[in-house]
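First the structure, in the form of structure tokens, and then the observations on it.
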Amino acid sequence: MQKKLMKIGLVLAGIILAWVAVFLLFGNNAQQSKTTLEFWSVFDTSEQMEPLLEDFTAQTGVKVNYRSFTDLRDYRDALLIELASGEGPDVFAIHNTWIPKYKKFLKPLPAEIGYSLENVATDFVDAVADTLILETSDGVQQLFGLPMYLDSLAVFYNKTYFRNILSKAYPAPELTWNGLRSDAIGLTQVSSGESTGFQLAGIALGRADNITRGVDIFYTLYHQLGGPDLTAENTDGFYQPTAEALNYLTAFSRNSRNQEYSWSSRITSELTNKEISAFSRGRVAMIFGFSYYYDAIKAAIQSREDTIDISEVGVAPLPQIGDPLEGNPKLAVADFFTLAVAKSSQYSADAWSLILNLTSREAQEQYFAATKKPTSRRDLINSEKTDKNVGVFAEQAVYADTLQLADDEVLDTAVANVLDRIADGEITPTEGASELSTIFQTTISKSE
């Protein structure tokens, strides 16, 4: 009888141990994987993001459903509708200029996560804290997001033209706007025999309808000239930097009698990819663009035979008002999509854990390898600076600043409209500056 009871006891013990083993192997993961986060973003493909998300799931057991959009307008419309109705993703990407509009939908970093505002200042470049550490309605400073990268404008140029036409020993654009102007004048070759009016355009500047980032170029020069943020914190000071920026930029496009004249609507009238196509075919010597322009230029070159060689493409820093080699300050305007958590999310702690994971050093190293988007972290700047194609953008992240807009859609449309009307001779730069200053003031008033 005693032996029989011992056998029964051993069998029961074996069953219990087996169940314990099953629980240890599967039960804990099953418990963790009950949480599934919905994550929306734009431009970053599933192929680029899935390895990072799989690593996060392996570490935490939290699953992530990733949805990538390719059209910015569709993404923005869908996101706003969902968030306004209390639905939509737990984690999503928003452009840094959208923050004023979207702040009411965002869940700041919970205190229990244990990541402090001091950590943000230590780990990320200044523009991150300046943009994303915001004051709540009760006067408390809180973090509302973190970006996986930080971009800015730079100059893409044709090294052969700088070497052969300008005879530069070190073929590259000058470091100041005045120097850039001289380069453009020296490079431009006007030709009445060409349908575009140019044998070679020195630089693509002064319009918005056929320059992809024409509005961003304006904002950059405006900010360098001392133009303030276009938000409720500012009520004046718009006119002078606006007038100076418009006068400088449109000199390249508004009047064929200007010595700077180097760009017109005709240059891209038959091209599908605006100034990028013109550059890839050797029709313009310099264009402004973000880091992803290199791949866009490369793709344009590979798609046709009548193009320049990719080895001719150089990337130079954004020009400055004063010569940085003489100790003058440098300023670029930051451009990035930040990851944020929806206020309506039921899993805000897990959602923030995902953001902290994706913006870690290790994740950003993987992300850079996959996308070549410049880092937002201080501890990766030096390693990325050595990249010959995008190193300039990593270096500029150190001195990038945010230009905050009360309503980016309204202001972008207004700036584009004014640039093109000045270029077409419908209004003067002075009239355009007065018009924009009024629009800036009105837009800010409506946003308060």
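Quick look at the values:
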quantity: Residue ID - farthest from Arg361 (Cα to Cα), chosen from residues in the stretch 57-83 that are among the hydrophobic types (A, V, I, L, M, F, W, C) and in contact with a Ser or Thr (Cβ under 8 Å, 6 or more places away or on another chain); calculated: Leu83
quantity: Among the residues listed as Pro319, Pro329, the single one being over 18 Å from Ala172 (Cα atoms) and either β-branched (Val, Ile, Thr) or at pLDDT 95 or above (or both); calculated: Pro329
quantity: Residue match in the stretch 72-91 (condition: touching a residue at least 60 places away in the same chain (Cβ under 8 Å), assigned to a helix (DSSP H, G or I), touching a helix residue (DSSP H, G or I) at 6+ places or on another chain (Cβ under 8 Å) and not acidic (Asp, Glu)); calculated: yes
quantity: One residue from Thr438, Thr430 being assigned to a helix (DSSP H, G or I), surrounded by fewer than 17 Cβ atoms within 10 Å (Cβ to Cβ), touching a residue at least 12 places away in the same chain (Cβ under 8 Å) and over 23 Å from the mean Cα position of the chain (by Cα); calculated: Thr430
quantity: Given (1) of a type in the set (Gly, Ala, Ser); (2) buried (at least 18 other Cβ atoms within 10 Å of the Cβ); (3) within 22 Å of Ile211 (Cβ to Cβ), number of the condition Ala397 does not satisfy; calculated: (3)
quantity: Yes/no for Glu384 being without any contact (Cβ under 8 Å) to a residue 12 or more places away in the chain and in a helix (DSSP H, G or I); calculated: no
quantity: Test: residue in the stretch 137-150 that is under 22 Å from Ser291 (Cα atoms) and of a type in the set (D, E, K, R); calculated: no
quantity: Pair list, Cβ < 7 Å and 6+ apart or interchain, from the stretch 356-371 residues that are farther than 10 Å from Asp123 by Cβ and modelled with pLDDT of 95 or more to residues that are surrounded by fewer than 16 Cβ atoms within 10 Å (Cβ to Cβ) and of a type outside the set (Asp, Glu); calculated: Gln366/Pro51
quantity: Filter pass, Val190 being of a type in the set (Val, Ile, Thr) and under 29 Å from the mean Cα position of the chain (by Cα); calculated: no
quantity: Residues satisfying the stated conditions in the stretch 292-310, i.e. in a helix (DSSP H, G or I), free of Cβ contacts under 8 Å to residues at least 24 places away in the same chain and either among the charged types (D, E, K, R) or more than 19 Å from Pro374 (Cβ to Cβ) (or both); calculated: Lys298, Ala299, Ile301, Gln302, Ile310
quantity: Selection within the stretch 62-89 - polar (S, T, N, Q) and surrounded by fewer than 11 Cβ atoms within 10 Å (Cβ to Cβ); calculated: Thr70, Ser85
quantity: Matching residues in the stretch 314-347 - criterion: being in contact with a helix residue (DSSP H, G or I) (Cβ under 6 Å, 6 or more places away or on another chain) and closer than 18 Å to Ala154 by Cα; calculated: Gly314, Val315, Pro317, Pro319, Ile321, Lys330, Leu331, Ala332, Val333, Ala334, Phe336
quantity: Answer residue from the stretch 400-414, given it is buried (at least 19 other Cβ atoms within 10 Å of the Cβ), farther than 17 Å from Leu132 by Cβ and within 19 Å of the chain's Cα centre (by Cα) and is modelled with the highest pLDDT among those; calculated: Leu411
quantity: Qualifying residue in the stretch 99-110 (condition: crowded, with 17+ Cβ neighbours inside 10 Å, in the same structural domain as Phe218 (by TED's automatic domain parsing) and in a strand (DSSP E or B)); calculated: no
quantity: Qualifying residue in the stretch 139-157 (condition: within 30 Å of Ala243 (Cα to Cα) and either at pLDDT below 95 or more than 24 Å from the chain's Cα centre (by Cα) (or both)); calculated: no
quantity: Residue match in the stretch 272-293 (condition: surrounded by fewer than 19 Cβ atoms within 10 Å (Cβ to Cβ), more than 27 Å from the chain's Cα centre (by Cα) and farther than 24 Å from Lys388 by Cα); calculated: no
quantity: Residue in the stretch 261-268 that is among the hydrophobic types (A, V, I, L, M, F, W, C), within 24 Å of the chain's Cα centre (by Cα) and surrounded by 24 or more Cβ atoms within 10 Å (Cβ to Cβ) present; calculated: no
quantity: Some residue of the stretch 127-136 being of a type in the set (S, T, N, Q), under 30 Å from Glu365 (Cβ atoms) and either at pLDDT 95 or above or more than 18 Å from the chain's Cα centre (by Cα) (or both); calculated: yes
quantity: The stretch 344-381, residues that are assigned to a helix (DSSP H, G or I) and touching a Lys or Arg at 6+ places or on another chain (Cβ under 9 Å); calculated: Ser348, Ala351, Trp352, Arg361, Gln364, Tyr367, Asp379, Leu380
quantity: The lone exception for Arg421 - which of (1) within 24 Å of Phe56 (Cβ to Cβ); (2) crowded, with 17+ Cβ neighbours inside 10 Å; (3) of a type in the set (Lys, Arg) it fails; calculated: (1)
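The values are calculated or read from the model by the stated rules, or taken from the named source; none is laboratory data. None of these values were measured; they are calculated from a predicted model. Using ideal geometry, Cβ is built from the backbone for each residue, glycine included, and neighbour counts are taken over all protein chains shown.
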